[in-house]
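This report concerns only the one structure given below.
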């Protein structure tokens, strides 16, 4: 039987029953029908939006999931997934419309899966994004029984004139940073290799002021609100989401090739988790910069004249921005 082969239809039905109301709480009036169809239907309303552009992205959580398994804490990785995807389209100038997830596991444990989806639901509601569908795959023999993998896809909407364009970036533009909450969702393979050599997941680390596992599971924050608060300010020329590759590599993606970045790496204090990784693993400064966000999750590129206005607007919105450098001629 299918059940004897390791796939439980009953567990799948139980899981859908558990999450149905939670998922429905994210749905906007644009979502047509409920969950369970072959395709999810979304009516795109473009009244007041001239020359609409759909913006999409897909991502995963990476080996941060290994930390979630060890901690037996599964809601935060669902939030990580949604927030990461939201940020990737927000820096283009888009608002999220809907999100879809992929959850694959060796043996479906409805309670664990419910917690993961619960995290996604929380983040979708915070970002005004409908969780309109997903796929749950039970794959015995492919994944370890107690482990799972996650991926998500998001679609958002922008007006063409509101899209950020690297061609607007000029030499002399200022680099304004917003802090991260920790590693976000990048660099975990290196972090785990270094930190688990000396510590257990439940160890309280003096430098961090908390258990190691809690520090590593800090939720990848969403930057949608500060971005929307500044939307279409002519002072902001481009925005970069700092993910894999670090600050310089990701910011370079949103400037013309004829320009370069001048970053003052001493302008901010790095969170303790990064110093701990570098010290224990004897990781070079070059590799740290190319692997981790080092405490910065978002970089806004603003005109020299308008940079102070952008800083004031961000502070009024409850953010803690700081300058980290400028754009220069190559």
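The values are calculated or read from the model by the stated rules, or taken from the named source; none is laboratory data. Keep in mind the model is a prediction, meaning the values are calculated, not measured. Reconstructed Cβ throughout: ideal geometry from the backbone, glycine too, with neighbour counts over all protein chains shown.
In this structure, is residue 84 outside any strand (DSSP E or B) and exposed (fewer than 13 other Cβ atoms within 10 Å of the Cβ)? Criteria not met by residue 84. Select from segment 90-116 the residues that are surrounded by 24 or more Cβ atoms within 10 Å (Cβ to Cβ) and part of a helix (DSSP H, G or I) and list them in ascending order. If the condition is that a residue be surrounded by 24 or more Cβ atoms within 10 Å (Cβ to Cβ) and part of a helix (DSSP H, G or I), then 90, 113, 116 are the ones that fit.
Of 12, 33, all but one fail to be touching a residue at least 60 places away in the same chain (Cβ under 8 Å), touching a strand residue (DSSP E or B) at 6+ places or on another chain (Cβ under 9 Å) and under 24 Å from residue 122 (Cβ atoms); the exception is 12. Taking each residue of segment 49-76 that is assigned by TED's automatic domain parsing to the domain that holds residue 146 and part of a loop (DSSP other than H, G, I, E, B) and looking for partners that are at pLDDT 95 or above and surrounded by fewer than 18 Cβ atoms within 10 Å (Cβ to Cβ) with beta-carbon atoms closer than 6 Å, six or more apart or interchain, yields 63/189.
The rows are residues; the columns are (1) under 20 Å from the mean Cα position of the chain (by Cα); (2) free of Cβ contacts under 8 Å to residues at least 60 places away in the same chain; (3) crowded, with 20+ Cβ neighbours inside 10 Å.
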{"residue": "223", "(1), (2), (3)": "yes, no, yes"}
{"residue": "255", "(1), (2), (3)": "no, no, yes"}
{"residue": "273", "(1), (2), (3)": "yes, no, yes"}
{"residue": "299", "(1), (2), (3)": "yes, no, yes"}
{"residue": "320", "(1), (2), (3)": "yes, no, no"}
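Within segment 178-205, residues that are on the phi > 0 side of the Ramachandran plot sit with their Cβ atoms under 7 Å from residues that are at pLDDT 95 or above and in a loop (DSSP other than H, G, I, E, B), at 6+ positions apart or across chains, in these pairs: 182/218; 182/271; 184/220; 184/293; 187/292.
Total residues in segment 185-210 satisfying the condition of being touching a helix residue (DSSP H, G or I) at 6+ places or on another chain (Cβ under 7 Å), surrounded by 16 or more Cβ atoms within 10 Å (Cβ to Cβ) and not in a strand (DSSP E or B): the figure is 11.
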